[in-house]
Amino acid sequence: MKINFVKCHGSENDFILINNLDASLNLSDTELAHWAKCLCNRTYSIGADGILLLLPSTTADARMRIFNADGSEPEMCGNGIRCLARLAIQQLKKNPIQIETKTSRIQVSQENDIAQNVFSFNARLQNVSFISDDFNLISPNKQPFINKPISLLSSDLRFTAVSFGNPHIVSLVNHIDKNLLEQLGKMANINGTIFPNGANVSFFRFISPQSIYVITYERGVGITYACGTAMSAASLLSCILNLNQFGTWIHVFNEGGMVKCLPNQSNESYSVDLLGNATFVYEGTLDYANGVVKEISKTKEFYDEIAAYERMKKSFRES
Ligand SMILES: N[C@@H](CCC[C@H](N)C(=O)O)C(=O)O
């Protein structure tokens, strides 16, 4: 069986995107988890932070499933949904569209390019919550956990817990210490002692008004170039901490580039528009037989897109 895929990235958070809109591919959850572990391996296979599946939906225009590199299935992926949106909008010839995720329905749209020839998409993240069963152990009284210490993680940092479907804790820091982030990320994801289902852990730094930097230890992956839901969480927190203002676009820089976030507050409900690239790197084919991937080949490379994205990144370094 030959399966086509697209290697793509959002802020260099990279994915293997499989179009199964016609439901012709019938893989069990165990097989998909196994595929994610094998295909995301950067030493022996394609290499990626996760696999994305574009599927038909009965409640929206399309459905997304994502599997992390370790085979776990998270609820949501902000960078991934932009890549998936690109393929779905192309296939369905409709813009905007609604995409069903594990816990929500998200409006995605193609927008003006954020930089010349950098295909750009917006995801309106509305299922934002400070209360979630994922935070029961740090907040047994089910109160929002905002800018407070988590003694099991650190004696001096303060964290805010926020769910975008998937659980995040975010800390404002003056200096980014990647080793510390990795250490805390690992601690937050062992044994379910602090978070029953693990959590994504991020540090963010204030650069200037409307400009922050975010780095994330992703549950099920490790430190990535960027995490879309984490950047949305950090931009929201920057407003809560009065560093930025609701209703104003924030440039969120990351190891892999930049996205723009627009945090909004209406009464007690929050949303974040996440606008950024969805870059195709190459198309390829997997030859799959008897439960084993026999051969992986590249069929088309997107050199122009890769170059446009590199130019965008270079322009940040120069400014
Ligand atoms: N990279 C993603 C988040 C992917 C899921 C995450 N690792 C989790 O387990 O929650 C993003 O861009 O949001």
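Which of these, Gly276, Gly50, Gly222, has the largest mean-square fluctuation under a Gaussian network model of the chain (Cα springs below 10 Å)?
Most flexible of the set in this elastic network: Gly222.
List the lysines whose Cα lies under 29 Å from the Cα of Lys93, skipping any in the same chain that are fewer than 8 positions away.
Lys2, Lys7, Lys102, Lys260, Lys298, Lys300
Hey, what angle do you get for helix 29-39 against the long axis of the chain, alpha-carbon based, 0 to 90 degrees rounded to 10?
The angle comes out at about 90 degrees.
Leaving out same-chain residues fewer than 8 places away, which aspartates and glutamates sit with a Cα under 17 Å from that of Lys314?
Straight-line reach from Lys314, under 17 Å: Glu12, Asp113, Glu255, Asp304, Glu305.
Roughly speaking, what is the centre-to-centre gap between segment 179-216 and segment 1-31 when only Cα atoms are used, to the nearest Å?
So the two Cα centres are separated by 27 Å.
What's the long-distance tail for segment 217-256, i.e. % of Cα pairs beyond 12 Å?
The calculated P(r) of segment 217-256 puts 61 percent of pairs beyond 12 Å.
Using the alpha-carbon atoms, what tilt in degrees (0 to 90, nearest 10) does helix 303-318 show relative to the longest principal axis of the chain?
Between the helix axis and the principal axis of the chain, the angle is about 20 degrees.
Percent of Cα-Cα pairs more than 26 Å apart in segment 133-275, please.
Taking all Cα-Cα pairs of segment 133-275, the fraction more than 26 Å apart is 17 percent.
Considering only protein heavy atoms, what is the solvent-accessible area of Ser28 at a probe of 1.4 Å, reported in Å² to the nearest 10?
For Ser28, solvent-accessible area is about 50 Å².
What FRET efficiency would be calculated for the residue pair Asp70, Ser319, taking the C-beta separation as r and a Förster radius of 25 Å, to the nearest 0.05?
Working: r = 37 Å, r/R0 = 1.47.
Rounded to the nearest 0.05, the efficiency is 0.10.
Does anyone have the angle between helix 178-188 and the longest principal axis of the chain? Alpha-carbon axes, 0 to 90°, nearest 10?
90
Among the aspartates and glutamates, which fall within straight-line cross-link reach of Lys94, defined as a Cα-Cα distance under 12 Å, with same-chain neighbours fewer than 8 residues apart omitted?
Asp61
Using only the alpha-carbon atoms, what does the chain span along each of its principal axes? Please give whole angstrom values in decreasing order.
53, 43, 38
Three principal axis extents, largest first, for the C-alpha atoms of segment 204-302, in Å?
Sorted from largest, the Cα extents of segment 204-302 read 55, 26, 23 Å.
Within 10 Å, count the other beta carbons around each residue, average over each peptide in 244-252, 159-167, 75-83, and list them highest first.
Ranked from most to least packed, the peptides come out as 75-83, 159-167, 244-252.
When the helices in the chain are scored as -39500 (n - 2.57) per DSSP H run of 4 or longer and the sum is shared across all residues, what 222 nm value do you end up with, to the nearest 500 deg cm²/dmol?
My calculation for the chain gives -6500 deg cm²/dmol from helical runs alone.
What is the Å³ per residue value for the convex hull set by the Cα atoms of segment 175-217?
Cα-based convex hull of segment 175-217, divided per residue, equals 65 Å³.
How much of the accessible area of segment 116-214, in percent, comes from carbon and sulfur atoms when a 1.4 Å probe is used?
Taking all protein chains in place, segment 116-214 shows 48 percent carbon and sulfur surface.
Provide the per residue accessible area, probe 1.4 Å, for the chain, rounded to a whole number of square angstrom. Intermediate results must be reported in sequence, preceding the final value.
Details: 13970 Å² over 319 residues.
Computed with neighbouring chains in place, this is 44 Å² per residue.
Between Thr299, Ile150, Phe246, whose Cα lies farthest towards the positive end of the dipole of the chain when Lys and Arg beta carbons carry +1 and Asp and Glu beta carbons carry -1, centred on the Cα centre?
Highest projection toward the positive end goes to Phe246.
The values are calculated or read from the model by the stated rules, or taken from the named source; none is laboratory data. Note that this is a predicted model, so its numbers are computed, not measured. All Cβ positions, even for glycine, are placed from backbone atoms using ideal geometry, and neighbour counts span all protein chains on display. Accessible surface areas use protein heavy atoms only, side chains included; no ligands, DNA or RNA. Shrake-Rupley method; radii C 1.70, N 1.55, O 1.52, S 1.80 Å.
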